[in-house]
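Shown next, in structure tokens, is the structure this report addresses.
The values are calculated or read from the model by the stated rules, or taken from the named source; none is laboratory data. Here the structure is a predicted model, which is why all the values come from computation and not from measurement. Virtual Cβ from ideal backbone geometry, glycine too; neighbours counted across all protein chains shown. Just the protein is used for accessible areas: all its heavy atoms, side chains included, with ligands, DNA and RNA removed. Shrake-Rupley method; radii C 1.70, N 1.55, O 1.52, S 1.80 Å.
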Amino acid sequence: MARLVIVSNRVPDPNERASPRAGGLVVGLAEALVPGTLWFGWSGHRAETTGTIPKVTDAAGLTYATIDLGEADYRAFYLGFANSTLWPLFHMMPSLAVFDRADYSIYRKVNEAFAEALLPLLRPDDLIWVHDYQLIGVAAALRARGVTNRIGFFLHIPFPAPAVLDILPPATDLLAELLAHDVIGVQTARDRTLFADAVRAVFDQAISPDHRISHNGHRTHIIVTPVGIDARAFNAMAVRASQRVETRRMIESLAGRALMIGVDRLDYTKGLPARFDAYERFLACYPQHRRKLSFLQIAAPSREEVERYRALREELDHKTGAINGAFSDFDWVPLRYMTRTVGRTLIAGFYRTARIGLVTPLRDGMNLVAKEYIAAQNPLDPGVLILSIFAGAAEGLPEAVPVNPFDIDAVAEAIHAALVMPEDERIERHSAMLARVQSESASAYCQSFVAALTGGP
Ligand code: ADQ
């Protein structure tokens with residue numbers, strides 16, 4: 001069988017694979033890596049200049065090969081073009097995007113450096129699978145160096161509408177580089193439609209009914225492969241975690257009240273300020289539920305060197321103070337807000353304890369928290385998932401309580417509806433969602449992508 005080569009911006013430290021880590025890409029992949037796989041990318045360390053010779057480590061049947069990023073490259077490529085231009089634009093938030101030509105040229109340079117460093121490690125029959133928006137140009141750079149292997153690309157984040165993509169000055173080049181792949185995977189049917197719209201708008205070319213396109217003599221297959229989790233293993237972890245002393249302490253601290261939980265990276269796409277506003281509206285409009293619900297928001301700091309993320313953190317600190325100042329009682333705090341990464345096992349136990357999972361991103365490629373929350377529930381007495389219609393996960397989970405996260409009153413109403421939902425309705429919705437989360441698993445995601453990369457239908 002051909003070897004799989006994963007290329008992603010961040011590669012986890014093999015010694016830390018079991019440690020808490022906030023970030024969907026690593027979670028989605030780590031659960032489905034097959035022995036023998038080579039995982040190549042950035043070490044997470046910064047050096048004076050970007051590395052050219054990868055450091056290779058073998059651990060638990062996998063080979064990790066990493067390079068460091070130069071400080072200036074890290075700023076321009078990672079903080080700059082990837083996270084201050086592509087991230088907000090692809091999440092349809094153009095007003096938060098900035099564009100700097102110098103950053104873009106360093107983005108290209110770093111993509112070339114990835115290709116250059118990977119080249120000597122490649123074997124002729126390797127299947128190369130590149131991940132996400134930071135590395136759009138790696139395949140084209142490999143092709144320019146004579147690599148003829150099958151190369152696939154998976155976009156973890158949403159694909160933007162043509163009018164938003166138009167804003168991006170190098171949109172045409174990036175689209176052409178995407179079409180240097182043999183397979184492009186996206187999270188939802190909606191993303192695939194938007195990708196087809198972009199190809200039509202930019203190159204005046206249509207994608208065939210079987211989702212293939214030939215561009216510059218190269219044929220690309222566009223597939224929908226939603227990222228998933230290992231639901232059975234996650235459920236087992238949640239059951240174990242519910243016996244842990246921390247989970248017991250959490251339950252005791254609730255003193256019989258219901259728990260509502262949110263778990264996110266501290267990112268403006270996750271819609272936390274609007275979520276806090278909705279909770280405040282809920283407390284104001286439904287006084288009968290006050291003192292009967294505690295909302296725990298766990299938010300792991302992320303990209304703190306980007307100014308916009310620092311501002312978000314300050315805004316949330318301020319809102320937390322305002323909500324708790326206005327509604328707390330001497331023996332009840334309505335909002336428990338933690339800005340740190342919490343161990344995965346403990347989070348699983350908290351999900352299982354929570355009557356409501358509140359997942360309200362303004363835009364999200366998939367959102368694995370929604371799937372984790374469903375997997376963690378007790379099927380005989382499950383909680384209710386409130387899910388943004390703008391999360392990719394919503395496409396496969398129509399039985400969640402859908403909300404438009406921009407509509408504060410609608411989210412407040414949804415919290416009320418979840419609290420009063422009868423048990424049989426909770427069970428019915430949950431069992432339908434659990435079946436989907438179990439079948440759209442982490443291994444199904446990897447297998448269907450690799451099957452397409454191997455040349456499957
Ligand atoms: P992310 O934006 O990182 O991923 P998400 O899919 O929600 O988002 O994954 C987050 C993961 O990190 C989950 O496994 C969650 O449990 C964990 N996590 C979040 N906050 C945490 C905290 N405070 N402590 C500990 N763990 C925490 C990107 C895209 C998503 C897409 C994934 C996978 O933005 O849309 O679902 O990739 O493709």
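Quick rundown of the values:
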| read-out | value |
| --- | --- |
| Relative compactness, region 231-438, computed as alpha-carbon Rg over 2.2 N^0.38 Å | 0.95 |
| Heavy-atom accessible area per residue - the chain, 1.4 Å, Å² | 40 Å² |
| Computed [θ] at 222 nm, deg cm²/dmol, the chain (DSSP H ≥ 4; -39,500 (n - 2.57); rounded to nearest 500) | -12000 deg cm²/dmol |
| Of K292/K319; K55/K371; K319/K371, pairs whose Cα-Cα distance is over 26 Å | K55/K371; K319/K371 |
| Equivalent-ellipsoid semi-axes of region 31-170, from the Cα gyration tensor, Å, largest first | 27, 18, 14 |
| Surface accessible to a 1.4 Å probe, C285 within the full protein complex, Å² | 70 Å² |
| Percent of beta bridges antiparallel (DSSP, the chain, rounded to nearest 5) | 15 percent |
| R190 accessible area, 1.4 Å probe, all protein chains in place, Å² to nearest 10 | 110 Å² |
| Rounded to 5, the percent of DSSP beta bridges in region 229-388 classed as antiparallel | 5 percent |
| Sites M338 and D424, calculated FRET efficiency, Cβ-Cβ separation with R0 22 Å, nearest 0.05 | 0.05 |
| Distance cut-off 34 Å, percentage of C-alpha pairs in the chain lying past it | 33 percent |
| Length-normalised contact order of the chain in % [C-alpha pairs under 8 Å, at least 6 apart] | 15 percent |
| Overall dimensions of region 44-115 as given by Cα atoms, namely Rg and Dmax in Å | 14.4, 45 |
| Longest DSSP-loop-exposure-free segment, GluC sites (Glu not before Pro), the chain, at most 13 other Cβ within 10 Å | 49-303 |
| Residues whose placed amide H lies under 5 Å from that of I184, excluding near-sequence neighbours | F153, H221, I222, I223 |
| Estimated vicinal HN-Hα couplings, Hz - region 287-292 in sequence order (Karplus 6.51, -1.76, 1.60; Gly, Pro = x) | x, 4, 8, 4, 6, 9 |
| Proximal charge balance of V202 [Cβ under 13 Å; K/R count +1, D/E count -1] | -4 |
| Lys/Arg +1, Asp/Glu -1 at C-beta; the chain dipole; positive extreme among Q288, A238, L79 | A238 |
| Set of aspartates and glutamates near K109 by C-alpha distance (under 12 Å), chain-local residues within fewer than 8 positions excluded | D73 |
| Helix axis angle, 189-203 relative to the chain longest principal axis, alpha carbon, degrees | 40 degrees |
| Tilt relative to the chain, helix 307-327 - C-alpha long axis, 0 to 90 degrees, to 10 | 10 degrees |
| With every protein chain in place, region 231-438: carbon and sulfur % of accessible area (1.4 Å) | 52 percent |
| Region 231-438 - percent relative contact order, Cα under 8 Å, separation 6 or more | 27 percent |
| Per residue convex hull volume, Cα atoms of region 293-369, in Å³ | 124 Å³ |
| Sequence-separation-based contact order of region 194-290, relative, with Cα cut under 8 Å and 6+ spacing, percent | 8 percent |
| Gyration tensor verdict on region 93-250 (Cα atoms; rounded if a/c is under 1.5, prolate if a/b is larger than b/c, oblate otherwise) | prolate |
| Dipole of the chain, positive end: most advanced residue of L174, L254, L312 [Cβ charges, Cα centre] | L254 |
| Dimensionless Rg over Rh [region 183-320; C-alpha; Kirkwood] | 1.13 |
| Cα-based helix-to-principal-axis angle, 231-241 vs the chain, degrees rounded to 10 | 40 degrees |
